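The values are calculated or read from the model by the stated rules, or taken from the named source; none is laboratory data. What you see is a predicted model, and the numbers here were worked out from it, not measured in a lab. Because the Cβ atoms are built from the backbone with ideal geometry, glycine has one as well, and the counts that use them run over all protein chains shown.
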Amino acid sequence: MAGFALVLACSQASGQTARPPTENVTVTGTRSREVLQGFVGSLAVPTRLTGKMTRWEKGICPVTLGLRPQAVAFINRRLKEIAVQAGAPVDTNASCKPNVEIVFTTTPQDLIDNVRKKSPVYLGYYDNKEQQEKLATVTHPIQAWYTTATRDVQGGLLIDNAKPAGLINRMEFPCDPLFCTSGAIELYPPRVLSTTGSRLGDGLRSELHNVIVVADPTKMLDYEIGALSDYISMLVLTEPASQDLCLSLSSILNLLAEGCAPKPNTLTDTDAAFLRGLYKMSPDRTLVTQKNEIFYQMEQALSGR
């Protein structure tokens, strides 16, 4: 399953369903447009290598572990429903290879330590050990880790990693032990991607390759499974800038962020509009163009046009 072993702890979950959204957003006037643009900006996180937004291009195949079968089925079904409504691809093959791992465990740090040890690429992009250590630290009751990839104009795909796979050229050199601890440097092969060279878009696309979501059930006792399913679905389908932000418009992502009010218990109209915009935008365009396209789609949807 996605190349790494998961250590799980079983937990119980409620079978309650989510209540329907109560949000009513009308986008009119300059102030509303500014708020909407700010909302898009908070979620429009560029990847490190392309500087563009990332989304699923390959069908999602979720697996949920650590809960009762009824809860597992509910979470997987809800994620796929939201993905279809957003226009995101879903793998309908019953034996598909999982690329979304949703794990409920009472020992989340142990699990992520295991990922760091065996398959650190699944933590996401990092340049050095300090960044890797920060990525591998569990700081939220529900937390997500994203592996992204870059696809070029010829269809070539490379996992986003500071150390691309290939032959490593190790160079030894004299080193005074008083000033350095290593007498060698490692040169990694260059990343080779075909582009268009156009100012409107270089043809490169950022894709979500794998998403891990880890939840501690002991910290979820006050939440309905419907709300948790929608929160997890939003984390899987887009990569937010931070899980601690209070978004300017009502969003399920405010559910677990401290100091946010109100805290919706289901996916909101704003969330749904953003996801539809994300999966309609041009993936090979610049970040500014992508933001504008999402903003336009959201404005149309929330205005009832």
Select the helices (runs of 4 or more DSSP H) contained entirely in the stretch 216-305, then report the ones holding at least 2 residues which are in contact (Cβ under 8 Å) with a residue 60 or more places away in the chain and touching a Gly at 6+ places or on another chain (Cβ under 9 Å). 269-278, 287-302
Only one of P108, P69, P98, P120 that is touching a Cys at 6+ places or on another chain (Cβ under 8 Å) and over 28 Å from S282 (Cβ atoms): P98
Quick one: S206 ticks every box in (1) closer than 30 Å to N128 by Cα; (2) surrounded by fewer than 22 Cβ atoms within 10 Å (Cβ to Cβ); (3) modelled with pLDDT of 90 or more except a single one, so which number is it? (2)
Quick one: A83 ticks every box in (1) modelled with pLDDT of 95 or more; (2) assigned to a loop (DSSP other than H, G, I, E, B) bar one, so which box is it? (2)
Of these, Y231, Y279, which one is among the aromatic types (F, W, Y), out of contact with any Leu (no Cβ under 7 Å at 6 or more places or on another chain) and crowded, with 20+ Cβ neighbours inside 10 Å? Y279
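Can you tell me which residue among A88, A9 is of a type in the set (A, V, I, L, M), in contact with a Gly (Cβ under 9 Å, 6 or more places away or on another chain), at pLDDT below 95 and not in a helix (DSSP H, G or I)?
Selected residue: A9, the only one of A88, A9 that is of a type in the set (A, V, I, L, M), in contact with a Gly (Cβ under 9 Å, 6 or more places away or on another chain), at pLDDT below 95 and not in a helix (DSSP H, G or I).
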Is it the case that some residue within the stretch 249-268 is among the small types (G, A, S) and either crowded, with 19+ Cβ neighbours inside 10 Å or closer than 18 Å to Y146 by Cβ (or both)? yes
Take the conditions surrounded by 16 or more Cβ atoms within 10 Å (Cβ to Cβ), hydrophobic (A, V, I, L, M, F, W, C), at pLDDT below 95 and within 20 Å of E224 (Cα to Cα) and apply them to A44. Does it pass? no
For the stretch 71-96, which positions are touching a residue at least 40 places away in the same chain (Cβ under 8 Å) and of a type in the set (D, E, K, R)? R78
So, in the stretch 108-160, how many residues would count as being buried (at least 20 other Cβ atoms within 10 Å of the Cβ), within 18 Å of the chain's Cα centre (by Cα), more than 15 Å from R55 (Cα to Cα) and among the aliphatic types (A, V, I, L, M)? 4
Filter the stretch 256-279 for residues that are farther than 16 Å from T54 by Cβ and in contact with a strand residue (DSSP E or B) (Cβ under 9 Å, 6 or more places away or on another chain) and give the result. L256
Among the residues of the stretch 122-135, is any out of contact with any strand residue (DSSP E or B) (no Cβ under 9 Å at 6 or more places or on another chain), modelled with pLDDT of 95 or more and either among the β-branched types (V, I, T) or part of a loop (DSSP other than H, G, I, E, B) (or both)? no
Could you tell me which residue of the stretch 136-167 is modelled with the lowest pLDDT, considering only residues that are part of a loop (DSSP other than H, G, I, E, B) and within 19 Å of D202 (Cβ to Cβ)? P164
